[in-house]
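To start, the structure under review is shown below, and the notes come after it.
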Amino acid sequence: MSAQVLARLLVGALAASWWGVGCGSNDDDDDATSSSGSIASDDMPSLVAQALCDKVESCECSWGDNRLCMDLPGCPGSRGACLDQVSNFYSSLAEANSRLEGVVYDSARARACVDYIQAADCENVDYTEMCAAAWQGTLPLGANCTSARQCEGYYDLGVRCETQCVAAETYQTEPGAACDRTCRFVEGLDNPLCMVELNATGDAACYYSDGYRCFGGSCVPLGAMGEACSGNYQCVEGAACIQGVCSARIELDQFCSADAVGNPCVSGAYCDGLRCIAQVDLGESCTAPEACMSGSCLGDVCTVPGAQPLCVRE
């Protein structure tokens, strides 16, 4: 997943807390990265760089083996190189945004981003572009644009630019519509995850949150117990698709089939190929996404969806 996508996903998840940050001045010049006051635009690149590079050290990552190596041109092989490259990245971003009509710098969001990096868990850190949301678009829907960054709501995935700022797709089911996929929202992700139906010829999406699935080429209600299915995402909440039928989920320590479509076990458990065993929490080792309570396994460690561990593990 690209740094830009990660940035926008995390910004959406953090938006509520960021908007509540005050806009006071920074009275402590000797401790510029303390959680007090806003951050001036000229100071922002160096302070974000300091927060990110400090995080690499506090998480005890190797300088040659961390996610910054994947997201920045070249690999910062030392603290000095890290500070230079991250600072240069944000300086270039500031210059590019200064040329876009309607893009303004939000000093309080910059402070909130630096504070978030400092407090973030080592298994859930966005590494480069997260603080890009310190620049906000202000152009309303219908205004002329050359970049979606100019449009109000860009970092909340609410708009796009098609020579004018226009609203992004709304996620709503049209009952009976000819479809080709069933979509479901996952905590931590702003965009829904979709399962495409083989041989379906429509182009509409059916949304689980609306109580619908794509089945037989049309948006129909989710499958009740005993009804046919092709995956768990087609059955009502609390049911699993077992041998092509929406069925009661399998209890902890009971036998389960390795060829089940999706996780057939009760909440908090997953099928290891023989039986339903307990899922593990963030930071614990894993071999597959379904082994994690979060549903995300990266680098053999359970992580928050949309995020990755800062230290790269072999």
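Please treat every number below as a calculation from the coordinates, not as lab data. Keep in mind that this is a model prediction, so the values were computed, not measured. Cβ: placed from backbone, ideal geometry, glycine included. Neighbour counts: every protein chain shown.
Please give the FRET efficiency for Val104 paired with Ser78, using the beta carbon to beta carbon distance and R0 = 41 Å, rounded to the nearest 0.05.
Numbers: r = 35 Å, r/R0 = 0.85.
About 0.75, to the nearest 0.05.
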For Ala204 and Glu284, compute 0.36 nm times the residue count separating them, minus their Cα-Cα distance, and round to one decimal in nm. 25.0 nm
Mind giving me the nanometre distance, one decimal, between the label points for Thr146 and Ser58, set 7 Å out from Cα along Cα→Cβ? 3.9
Backbone HN-Hα couplings from phi across segment 237-245 [Karplus 6.51/-1.76/1.60, Hz, Gly and Pro as x]: 3, x, 10, 10, 8, 10, 6, x, 9
Counted charge near Ala288, where neighbours are those whose Cβ lies closer than 14 Å (Asp, Glu -1; Lys, Arg +1): -4
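Using alpha-carbon pairs under 8 Å, 6+ residues apart, how would you state the relative contact order of segment 226-265 in percent?
Computed value for segment 226-265: 39 percent relative contact order.
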Based only on other Cβ atoms within 10 Å, what is the fewest-to-most ordering of Glu237, Glu290? Glu237, Glu290
Amide H of Thr173 versus every other amide H placed in the peptide plane: which residues, excluding those fewer than 5 positions away on the same chain, fall under 5 Å? Tyr207
Would you pull out the residues with amide H under 5 Å of Phe215's amide H, same chain only if 5 or more places away, H placed 1.01 Å from N? Val220
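Fewest Cβ neighbours within 10 Å first, please rank Cys69, Cys75 accordingly. Mind showing how you got there, number by number?
Values: Cys69 18, Cys75 15.
Ascending number of Cβ neighbours within 10 Å: Cys75, Cys69.
Apply 1/(1 + (r/R0)^6) to the Cβ-Cβ distance of Arg275 and Val236, taking R0 = 25 Å, and write down the FRET efficiency to the nearest 0.05.
Working: r = 24 Å, r/R0 = 0.98.
The pair Arg275/Val236 has a calculated efficiency of 0.55.
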Which residues' amide hydrogens lie under 5 Å from the amide hydrogen of Val159, considering only partners 5 or more residues apart or on another chain, with H built in the peptide plane? Ala168
